[in-house]
Amino acid sequence: MTKKTIALLHPGEMGAAIGACLAKRGLRVVWASAGRGAATRSRAKAAGLEDLGSLERALGAAEIVLSVCPPHGALALAREVARHRFRGLYVDVNAISPATTREAGRIVEKAGATFVDGGIIGPPPVQGASSRLYLSGARAKEIAALFAGTNMEAIALDSHVGAASALKACYAGWTKGATALLASIRALAEHEGVDAALLAEWKRSQPELQKRSEVVTVQARKAWRWIGEMEEIAASFEAAGLPGGFHLAAAKIYRKLEGFKDAASPPTLSRITAAIRRAARRRSAASGEDRRGNARGGQDPSRARFKFGA
């Protein structure tokens, strides 16, 4: 295989692990440290990435760009790369909706690049982990070949740009969406004093659910990363004519868990449900104020509109 230079933007936990896979294959993997913190620099060094300092230098040296960033930054990063007139192969592997993916593609292609869509399922690709990178677009197979024999299994879909992102959205729509739903159910059960009874019933009829409902304790410290992802999944549903409210609610749940970011140890379930319930109490109090205001000023408009038989 001809040695290629790949610019990895930016080496967070997932990005650094992906970069390490490629570096171990003998590929030159570069990155830009300008504006990045000590933790990012440490990850990049451990992964064997070459620091070129500025984004301009990294793009100038690279034939391929891998965009690995939080969902809310995907379009901004595509615009930044496009401003530098990058004309190589741009691979977006972020957890974004098919529509956002296609918009990122339009941005970089207008500047002269070729676009490949990617979606990652699984944890960072380290030894012993099971991770897949799904790819779609005209040159998906070319990118998949770069990962042959690494900890990341790359799978090229015979489909259009947006397909890999859609697959990721469908998968995470269940896994991360269900985690938020179950955490909310446990919070409700605690609020109503029926948590022990719920667990007893689950033990009889849904024995896997107790353990599944406690997964959030392990994941709470990275829940902040999933806020944008849930919003992108909601947008994916709405673009297909389906309700997006499921995952907008999940985004709200994960936003309530932002305080656990970078915690020294995983929080207990009781701390998680307490954080969710505190937010619920604030909303309840605000609703009470609205009801009292309606009582002073007249009938609740929602009640006024309702008529039996209508």
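Here are the numbers for this structure:
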{"item": "Sequence-distant residues sharing a close amide H with Val30 (under 5 Å, placed H)", "result": "Ile6, Ala7, Leu8, Glu50"}
{"item": "As computed over the chain, the Cα convex hull volume per residue (Å³)", "result": "196 Å³"}
{"item": "Gaussian network model of the chain, springs between alpha carbon atoms under 10 Å - residue of Ile253, Ile121, Ile233 with greatest fluctuation", "result": "Ile121"}
{"item": "Lys/Arg +1, Asp/Glu -1 at C-beta; the chain dipole; positive extreme among Ala239, Val81, Ala249", "result": "Ala249"}
{"item": "Among Ala164, Ser270, Ala111 the positive-end extreme of the charge dipole of the chain (Cβ point charges)", "result": "Ser270"}
{"item": "Dimensions (Å) - segment 91-250, Cα atoms, principal axes, largest first", "result": "60, 37, 26"}
{"item": "From the C-alpha gyration tensor of segment 25-128, square roots of 5λ in Å", "result": "22, 18, 13"}
{"item": "Relative contact order of segment 104-168, defined on C-alpha pairs under 8 angstrom at six or more residues apart (%)", "result": "32 percent"}
{"item": "Environment charge at Arg43 (Cβ cut-off 12 Å; Lys +1, Arg +1, Asp -1, Glu -1)", "result": "+1"}
{"item": "P(r) histogram, all alpha-carbon pairs of segment 111-195 included - 10 Å bins from 0, percent", "result": "17, 33, 24, 14, 9, 3, 0"}
{"item": "Of the trypsin sites (Lys or Arg not before Pro) in segment 38-69, those whose Cβ has at most 16 other Cβ within 10 Å and which sit in DSSP loop", "result": "none"}
{"item": "Calculated Rg and Dmax of segment 11-56 using C-alpha coordinates, Å", "result": "9.7, 28"}
{"item": "Once exposed loop chymotrypsin sites (Phe, Trp or Tyr not before Pro) are cut out (DSSP; at most 10 other Cβ, 10 Å), longest piece of the chain", "result": "1-305"}
{"item": "Neighbourhood charge, 12 Å Cβ-Cβ cut-off, centred on Ala32 and excluding it, Lys, Arg +1 and Asp, Glu -1", "result": "-1"}
{"item": "Cut-off 18 Å, label 7 Å out along Cα→Cβ of Glu63, residues of segment 88-116 by amide N", "result": "88-92, 113-116"}
{"item": "Percentage relative contact order, the chain, counting C-alpha pairs under 8 Å, at least six apart", "result": "12 percent"}
{"item": "The chain, dipole about Cα centre (Lys/Arg Cβ +1, Asp/Glu Cβ -1), debye to the nearest 20", "result": "600 debye"}
{"item": "1.4 Å probe accessible area per residue over the chain, in Å²", "result": "52 Å²"}
{"item": "Surface share of carbon and sulfur [accessible, 1.4 angstrom probe, percent] for the chain", "result": "53 percent"}
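The values are calculated or read from the model by the stated rules, or taken from the named source; none is laboratory data. All figures in this text were calculated on a predicted structure; none of them were measured in a lab. Neighbour counts are summed over all protein chains in view; Cβ atoms, including those assigned to glycine, are modelled from backbone coordinates with ideal geometry. Note: accessible area is taken over every heavy atom of the protein model, side chains too, but ligands, DNA and RNA are not part of it. Shrake-Rupley method; radii C 1.70, N 1.55, O 1.52, S 1.80 Å.
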